[in-house]
Structures are given as C-alpha cells and as structure tokens.
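Single-structure report; data block below.
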Amino acid sequence: GIQVEQSPPDLILQEGANSTLRCNFSDSVNNLQWFHQNPWGQLINLFYIPSGTKQNGRLSATTVATERYSLLYISSSQTTDSGVYFCAWGFGNEKLTFGTGTRLTIIP
Amino acid sequence: KAGVTQTPRYLIKTRGQQVTLSCSPISGHRSVSWYQQTPGQGLQFLFEYFSETQRNKGNFPGRFSGRQFSNSRSEMNVSTLELGDSALYLCASSLTTNEQFFGPGTRLTVL
C-alpha cells in the first residue's frame, strides 16, 4: 500500500528559527494536505497542495509530485507553532493516508 | 460559514457497550469521512459516505459501521466495544476538490 513518511519525527527549535518539514509519498498524488493538530486534537488545515507552491503568512509549502515529496516551511517560529504537523496523501477518492507526523516544539 | 461539528466531544463507555457518534458537515459538503486516531496506529481511515452511500471503507472490523442521512449528516456506530477502541474519532467533510476539513473530534474512552 501507499507509504507516507514524514521527517524529522521530532524537532526542537528556538523561537525565531526557521524549519522545514518533509513528507515523502510512494505513489502518484492528486490530494496532498498539511495539517497542524491543536492541543485538543482538531486538525487545522494549513495547505491543500497536490502540486506547486503556496504561501500563507509565515508558512509556505511546496509539492513536487513527480518526485513524490512535499515540504512545509515555517519561518520565524513562534511558541504557538508548537504541536504536531501531519501531511496526508490522497489519490482518486476521499480516503486520506496520513504520515506519522512531526512534533515541533518551539522554545521561548 | 460554520465548520464541521461533532457530538459528543467526550464519551466514556465500558467494554461490550455500543456507541454512536455524530458528525455534521460544512453546509453544502456532501462527502463525509471518518478517521480513528490512536497513539499506536496513528490516523487511520474508517469509511467515507457521499449522498447516503458508502463509497470507501478502511480496514476495520464489522463492529464499525456508519451511515449518512439525506441532509449529509453522518453517524458512526461501534458495537461490542473493546479497550482498543479508545481513540479520538475525527470526521471530515469535503466538497468537490478533495480538500478535507476536519471537526474537533470525539474522544472515546472504553473502560
């Protein structure tokens, strides 16, 4: 089946630092989403990005579908950026396959 | 526009009981998907409904079932609860672009 791998599994950074989270997937894609899971468990949509590059404030994402990876960039990290980030892959139907997540901790 | 809502938010049951969880999608969204999140297995797809029909099903036992109503609201049911069913159950809705939007989840504890 499809493999969705996220790296690194854990990341600890000082406030103000930049970070890059990676998501590798093993098959063609037509749905790639990035989520931030808040402390109460809700998945907050960050990007819907099956291909190309998008930016939203301090966050940006790039998906290179032909090379089967996606990157999430966080610049000038703030403590509120802490939490678990998930990428999720989909193709042809509504089923999303999630990676195991990257736990980001921002230290003041 | 209101987001995806799920009720109840928290639930405690005992082994052998059954439970029903509810999900109301974003207005206009006709697809509803359910996911289970546990520390050991991560986020796993349960099933997806569109226009009252189950279109896709994950690898879960038959104790897990669902349905969708004509107003797109969906329920999922777990019968004969086991300790391992303790999890966060997340519901998502989508329109036509496949982008899914998630509700706050129902945290189920089985004692």
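Before moving on, here are some points about what is shown:
- Matching option when the condition is more than 10 Å from every other protein chain (Cβ to nearest Cβ) and either assigned to a strand (DSSP E or B) or at pLDDT below 95 (or both), among B:77, B:56: B:77
- The condition (being modelled with pLDDT of 95 or more, of a type outside the set (Lys, Arg) and more than 25 Å from residue B:14 (Cβ to Cβ)) is satisfied by just one residue among B:69, B:64: B:69.
- Any hit, the range A:44-55, residues being surrounded by 19 or more Cβ atoms within 10 Å (Cβ to Cβ) and more than 30 Å from residue B:57 (Cβ to Cβ): no
- Scanning the range B:65-111 for residues that are touching a residue at least 24 places away in the same chain (Cβ under 8 Å) and among the acidic types (Asp, Glu) turns up B:75, B:82, B:85.
- If you go through the range B:8-26 and keep only what is polar (S, T, N, Q) and either assigned to a loop (DSSP other than H, G, I, E, B) or under 10 Å from residue B:104 (Cβ atoms) (or both), you end up with B:14, B:17, B:18.
- Among the residues making up the range A:9-34, those that are within 11 Å of the chain's Cα centre (by Cα) and either part of a loop (DSSP other than H, G, I, E, B) or surrounded by fewer than 16 Cβ atoms within 10 Å (Cβ to Cβ) (or both) are A:20, A:22.
- Residue match in the range A:73-84 (condition: under 14 Å from the mean Cα position of the chain (by Cα), of a type in the set (Phe, Trp, Tyr) and surrounded by 17 or more Cβ atoms within 10 Å (Cβ to Cβ)): no
- Restricting the range B:80-101 to residues that are assigned to a loop (DSSP other than H, G, I, E, B), within 14 Å of chain A (Cβ to nearest Cβ) and not β-branched (Val, Ile, Thr), the residue that is nearest to residue B:40 (Cα to Cα): B:86
The values are calculated or read from the model by the stated rules, or taken from the named source; none is laboratory data. Note that the structure is a prediction, hence the values are computed from the model and not measured. Positions of Cβ are backbone-derived with ideal geometry, glycine not excepted, and every protein chain shown enters the neighbour counts.
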